[in-house]
Structures are given as C-alpha cells and as structure tokens.
Amino acid sequence: MDSRVVVLLTLVWWCCWLPPITARIPEEPAAPNQVITTESTVISSTEPVSEIIYPVQNGPCFYAEPELCLTPQIHDTKYHVPNCECRLHPIIPKSLICCNVTNLTNITLCQAPDPSEHWQNIHVRNVSLEELDISNGFWKLFESISITDGTLKRITREFTKFSATKCFNVSNNNLTEIQPRVFKNLMQLQVLDISFNNLSTIPNINKQTNLTIDIRGNKDMLCKSVSETIDHSGLELNFVEPDKTYCLTNQTFNWFISTDTVPLRQLYKMRQLQSECPTDCKCEMERMNYEQQGSEDGVPLLILSAKVDCSNRHLTELPEKLPANTYSLNVSCNNITSLSALNVNPTYHQIIRLYADNNQISSLLDLEGTSFIEDFEVLSLRKNKLKSIPIYLLSNTLDKNPRGKMLYFEGNKLHCDCNSAKILRLWLLARQNHIKDWDQILCENMPQIVVDLSEIKLCQSQHDWTDYIYYLIAAEILLLGALVFKVSYDYWVFKTAGYLPWPASKMPKLPCDWLCES
C-alpha cells in the first residue's frame, strides 16, 4: 500500500477517536450576543449541535437563553445535578438552568457537587406556580436569581438574613403582588427586574447602595408608588429606559386628577422640590397632573403641585422664595404682619390655598389686585389682628367664581359700629357657604359677636346742640317776622293818628330822629 494512503488513514483514525479537547477562551473584546470569560471552557463534540448564541450578561445578573431549554446539550449527563430537575449551564460555572418547573421542591433539593461550594446563579424558566415563598434558605446564597416567562402570581415572605443576592429578576410573569418586606434583607441587591408583569406597586427597598430597577411593562404601576420609592428609598435609583417606562395616574388617590400614563423620567422633577424648599420648612408633593401644552415630541409634561408648611417657624414675614408650582402655603403660628408678598413676589402667583392663622396680620388690602384674590380656594386668617373686612374686595371675587372658595376669620376682633350692624352683619349671614366660621367673628369695642349686633341700638346717636339748630332757625324767623309786623303797624298808626303807639312812644329819641321831623 502506498505510504501516503497509510498516513492519511492514520490521521483520519486519530481524529475520529481523539478525546474531547478543552480550550481556554482568549481574552478579547466581547462581540455582540457573546459571553466572554477567562474561566469558561468550550466543549468540542463530534455530534452535530445547533449553534447557541448567549447574550452579554447584565452586570451581576445571570441569564440563560430560551434555546437552552431545547438544545440536546442540556440533556447530556455532563450537566446533570443529582436529585434535581435543573441542569448545569454549559459555559458559566456554578450556574443552574431550570425549565418548565411545576414544583419548587424539585429545585430546592438541588445540591452542589462539592459540599464546600454553593451555587451562584440560577435561572428558572416557564415556571407554573401561583405563589413563591422566598423565605426558603435555598435562595440565600445565590448571587443571581432569575425566575422568568412563567405564570407566577405572588411572591411572599422575605429573604432570609445575610442573603447574598445581587440580582433578582422575575420579569415576564403574571405577578400581581410582591409583599412589601420581600427584599428587606437584600442588602447587596444591585439589579431588580420586575418588568412585564401586572404589578401596581414597588415593594419596599431596604439598602444603602445604588440600584438599577426595571419596571417596564407594568400597565397598572401607580405613579404614587414610584414617587414614594424615589423619595423614601434613600439611594440613587437608576430606572431602565425611563423615557419608555410609564406609570399610571389614578383617580382613587386624592392627589391624582387624571387616569393617563406619564413617562417615568418626569417623576424625577419632584426631587427638585426639596432643593427649592425654604429653610426650616417642609415641602411635599400634593398632586400630579399633566399638560399637553408645551410638551416635547407629543409626550405630556408632568406638573407637580407642591404644598409648603412653614408653620411655627418664628417668621416675621412670608418666605422669600417658594418652590415652583407651589399651590398651598401654611404659615400659621408665626409673627407675620403683611401679605404683600402675594402681590410682589412672582413665586407666590400660583398660591391658591393660604393658611395664616395665629399671626399679626391687620389688613387684607395687600391682596387687592393679586391673582390670589381672584383664584384662591382657601384663605384662613383665624386669630389675627384684623380690624375690618373689606367687603367690596371679597364680594367681587365671590360673585365672579363662588364655587370652592373658603374663608376663615374666627378670633379676629373687628371695630364694630352702625355700619357693622347694617352691612357687615348681613354680609356674613349671606356668605355662610363661604365663611364657615361666620358666627365666630368678634367685636373689639364691645363684648359681642358681629352677627349678633343690633342695628336699632348701634344706629341711635347721642343728642348735641346740632340737633336743635333747626329750632333756633325757626325761632329767629318768627322773631324777625314779628319785628317787621310791629314796625309796619307803628308806622301806619303814626301816619293815620299822628302819634306813635306804645312802646315806640316811650323809646328815647335818637340823634337821627331830627331827620324825620318836619
């Protein structure tokens, strides 16, 4: 036989019977949809196997492609785990893949080959369960837990203490509830993926490190829950695709006034509220609304209305600046004397509710011409120093827009007079729907309530000399008339009888009488 043929046959035989070869993957930049790790190995086999493309792992999260539940590799005895429905991942060590699970016991019995070691990652696909009790100690040592693409509806209890989980992924299920304390002990959590479920709230997050959270695809997710998570979590939250993640505004909450969805990124505007809050005051979000006007790319703009509480702060004047979109201000129990800021300060132009009880305010005239007096909903000035109520100012706005306007003046002591009894009393009685404490407004100069004033008593003035002026004038006219009549009579007698009647005949002659003698 030709020696070349012998060499060729030898090479063929050697290739066919050569045992599997292991090779280290070189360290080079990762190509799209590939996992690169210096500790992984590739198994070479003579059996035809369909190509599996693995995605880039998301930080600490372990992800197994759906094809791994279909590929023949997963049924190879090399990947079997004793007493367990799960299989080893063909590339990533200490990682389990569990497919079509119907009983969690078949997972929790999985034991690591080496008792001194433990599993690091697990991905459970197509689970058919109603409820998952996460308190089982089996989950404690996993750094990455993924339970996806199943029918799971509830997650109950809480992780055990000192759990090592850094990534928790329960996306693409039918979750409607994750109990609030589930993540209480996950102090190392870095990624939380609860996307594409039916959740309306985010469970409590109790940790001190930054967190990436994915809530996309939850159509019932409430903006209130998201806002509370941002506000109370005490950490920096990084939402996945915040421009494409929406939350629901719901009328069942008193601070929502629509039932539309808004982009998540716009919720971050609420964080500006605290940075703009006046010193020593408390600022909170009161309600949310969205406006299409001024929106970009058709996305409605979220408008957050704020309420500011500066009560009991020893203020002598209204705060110099308020956060944007402040609609409610409480400055009760201070020493404020003037409301002029509502007229001259632009940050006050959106105020519609003002609570300024227990201050030193003596006049409402500062409000004349302001937008507040036209648009207000609540004006509370209990126990101040008001001496009068400008009826013309308040009647004008109440007549124009009577709905939803409330005034409170209890404890003010007004100067009461006849006009108070005639006009103010009747005005208070007619405005009972707007002035809820109409029967609690006092008089300063008499121990009476304004609405109890008597017009008959107050409108009777004391007599003085001016009351008799008309009598004096009448008497003078009568005397003048009598004098003219007497002089005329005396003249007639003198002409006809030649003598003057009494008493004219008894009067002494005057120096000018010789002019009248002939």
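The values are calculated or read from the model by the stated rules, or taken from the named source; none is laboratory data. Worth saying up front: this structure is predicted, and the values here are computed from it rather than measured. FYI the Cβ positions are ideal-geometry reconstructions off the backbone, even for glycines, and counts take in every protein chain you see. Accessible surface areas use protein heavy atoms only, side chains included; no ligands, DNA or RNA. Shrake-Rupley method; radii C 1.70, N 1.55, O 1.52, S 1.80 Å.
Data for the structure
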| read-out | value |
| --- | --- |
| Qualifying positions in segment 193-215 - over 17 Å from LYS244 (Cβ atoms), surrounded by fewer than 23 Cβ atoms within 10 Å (Cβ to Cβ) and among the hydrophobic types (A, V, I, L, M, F, W, C) | ILE205, LEU211 |
| Pairs with Cβ under 8 Å, 6+ apart, first in segment 387-402 and of a type in the set (Gly, Ala, Ser), second open to solvent by less than 20 Å² (accessible area, probe 1.4 Å) | SER388/LEU414 |
| Residue list for segment 229-242, restricted to those being open to solvent by 60 Å² or more (accessible area, probe 1.4 Å) and touching a residue at least 24 places away in the same chain (Cβ under 8 Å) | ASP231, GLY234, GLU236, ASN238, GLU241 |
| Among the candidates LEU342, LEU329, LEU379, residue that is out of contact with any Pro (no Cβ under 9 Å at 6 or more places or on another chain), closer than 24 Å to CYS281 by Cβ and at pLDDT 95 or above | LEU379 |
| Residue in segment 380-393 that is surrounded by fewer than 15 Cβ atoms within 10 Å (Cβ to Cβ), farther than 22 Å from SER338 by Cα and of a type outside the set (Gly, Ala, Ser) present | no |
| Those residues of segment 417-436 which are closer than 25 Å to ASN359 by Cα and part of a helix (DSSP H, G or I), in sequence order | SER420, LEU424, ARG425, TRP427, LEU428 |
| Qualifying helices (runs of 4 or more DSSP H) (wholly inside segment 315-416; at least 2 residues being farther than 17 Å from TRP427 by Cα) | 341-344, 371-375 |
| Filtered residues of segment 437-458 (kept if among the basic types (Lys, Arg) and part of a loop (DSSP other than H, G, I, E, B)) | none |
| Scope segment 162-179; condition open to solvent by 70 Å² or more (accessible area, probe 1.4 Å) and either small (Gly, Ala, Ser) or at pLDDT below 90 (or both); matching residues | PHE162 |
| Entirely in segment 95-160, the strands (runs of 3 or more DSSP E) that have 2 or more residues that are not charged (D, E, K, R) | 95-99, 121-125, 144-148, 154-156 |
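Yes/no per residue for (1) at pLDDT 65 or above; (2) touching a strand residue (DSSP E or B) at 6+ places or on another chain (Cβ under 6 Å); (3) under 20 Å from ASN345 (Cα atoms):
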site: ARG216; (1), (2), (3): yes, no, no
site: SER233; (1), (2), (3): no, no, no
site: THR252; (1), (2), (3): no, no, no
site: ARG271; (1), (2), (3): no, no, no
site: THR279; (1), (2), (3): yes, no, yes
site: GLN292; (1), (2), (3): no, yes, no
site: ASP309; (1), (2), (3): yes, yes, yes
site: GLU317; (1), (2), (3): yes, no, yes
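To keep it simple, each residue is scored yes or no on (1) surrounded by 18 or more Cβ atoms within 10 Å (Cβ to Cβ); (2) under 28 Å from LYS282 (Cβ atoms); (3) at pLDDT below 95.
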{"position": "ASN334", "(1), (2), (3)": "yes, yes, no"}
{"position": "PRO346", "(1), (2), (3)": "no, yes, yes"}
{"position": "LEU354", "(1), (2), (3)": "yes, yes, no"}
{"position": "SER362", "(1), (2), (3)": "no, yes, yes"}
{"position": "PHE372", "(1), (2), (3)": "yes, yes, yes"}
{"position": "LYS400", "(1), (2), (3)": "no, no, yes"}
{"position": "LYS413", "(1), (2), (3)": "no, no, yes"}
{"position": "LEU424", "(1), (2), (3)": "yes, no, yes"}
